[in-house]
Amino acid sequence: MSATTEFTRDAVATVDAAAQIEDILGMPDQLRDALWRVESANLEAHDSPGGLVVAGMGGSAIGGALARAALGDRASRPIVLARGYALPPWTTPDTTVLCASYSGKTEETLAVYDAAGALGANRIVATTGGKLAGAARAESVPVIPLPGGFQPRVAVAYSLVVALEVAGICGAGDRVHPEIDVAAAHTEERVREWGPDGPEDSLAKTLARGLHGTVPQIAGAGLTAPIAYRWKTQINENAKTPCFSQELPELDHNEIVGWHGARELGRFSAVFLDDSDLHPRIRQRIELTRGLIAAEAAATYRIDSIGQDRIERLISLVLLGDLVSLYLAVLRGVDPSPVEMIERLKNALASG
């Protein structure tokens, strides 16, 4: 499709066979539903001096990374991710381990679930079912039931809220239930502004047109670092194109030099995700870095988060990235939902 394509609902529907757009636009209600689902699990508050480990892969893991960033200095204990088959080596029995697998079949998460059980750590499971739910219920491990019917990556509101709530329940961070409610209301405004029914010159649609035909490099720092990674993975899976992410100030010590040869290799673009709470020197670096690479880049953008508190601002950028990735799929004329390469890899592993 042409970069002049209008992102109306009809235009999106031509490629979006599974109507993923509706799931993205449903984020405000999903945030509220996620709070209810955590409450319905009747989790007992407890103190975990060893902190919180969030075990998961892909869309099930991103909630832990986003939650850690959203809490910021309100996290009173370590909150770390286990993206693999093993727990961090320092994990102790007084650590809470949240095992998150949307399908309940993720082999890495199942391995961590067993490892946490052998260690005697306090386990909590978030899933739609599968082997993980069966094992948890057989061992009386609390299960937070997730709704079926989503692509795992689209269930980001659930993975974020579950991680935030579990952090509060185990003493790893402040309880932020009211802030999630407020963020849900404000997210409704962003949905109207950036969704298919919004103006064609909205930020989400303009960004998609500007990034189309390029290899985007997404940069973040602090609050926006895991969001930059989320943008990268959403563009990978929805638009089916390469995309990369990096953090400031680290990228200014290496990646910036690579832009010297960017133009001769292809069309590369850069998106810097800014936030009002970033260190002043980081914000200065964003503008300086953008200026230094501009001559080699097909396009550069500086995008500000929107909102009063950290959770609201984080969710605004997550929603924006999700919509940009789907609009890029429309421009490429590809269905955003199927992930053929992942399925082929899983099949190869299963037969190996």
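Structure notes:
- Residue list for the stretch 148-171, filter: part of a helix (DSSP H, G or I) and either under 17 Å from L25 (Cβ atoms) or of a type in the set (K, R) (or both): R153, V154, A155, V156, A157, Y158, L160
- Qualifying residue in the stretch 71-86 (condition: closer than 16 Å to A163 by Cβ, hydroxyl-bearing (S, T, Y) and touching a helix residue (DSSP H, G or I) at 6+ places or on another chain (Cβ under 7 Å)): no
- Some residue of the stretch 261-283 being touching a Phe, Trp or Tyr at 6+ places or on another chain (Cβ under 6 Å), at pLDDT 95 or above and assigned to a helix (DSSP H, G or I): yes
- Checking R209 against (1) touching a Leu at 6+ places or on another chain (Cβ under 8 Å); (2) basic (K, R); (3) closer than 25 Å to P78 by Cβ, the condition it does not meet: (3)
- Applying the criterion of being among the small types (G, A, S) and modelled with pLDDT of 95 or more to the residues of the stretch 20-40, the residue that is surrounded by the most Cβ atoms within 10 Å (Cβ to Cβ) is A34.
- Test: residue in the stretch 99-113 that is surrounded by 15 or more Cβ atoms within 10 Å (Cβ to Cβ), more than 23 Å from K346 (Cα to Cα) and either of a type outside the set (G, A, S) or modelled with pLDDT under 95 (or both): no
- Residue tally, condition surrounded by fewer than 19 Cβ atoms within 10 Å (Cβ to Cβ) and part of a helix (DSSP H, G or I), over the stretch 118-134: 5
- Look at (1) in contact (Cβ under 8 Å) with a residue 12 or more places away in the chain; (2) under 17 Å from I180 (Cα atoms) and you find that L81 fails only one, number (2).
- Restricting attention to the stretch 288-328, the residues that are within 25 Å of the chain's Cα centre (by Cα) and either in the same structural domain as L31 (by TED's automatic domain parsing) or not hydroxyl-bearing (S, T, Y) (or both) add up to 25.
- With a requirement of 1 or more residues that are of a type in the set (F, W, Y) and closer than 14 Å to S325 by Cβ, the helices (runs of 4 or more DSSP H) lying completely within the stretch 172-247 that satisfy it span 177-194, 225-234.
The values are calculated or read from the model by the stated rules, or taken from the named source; none is laboratory data. Since this is a predicted model, take the numbers as computed values, not measurements. All Cβ positions, even for glycine, are placed from backbone atoms using ideal geometry, and neighbour counts span all protein chains on display.
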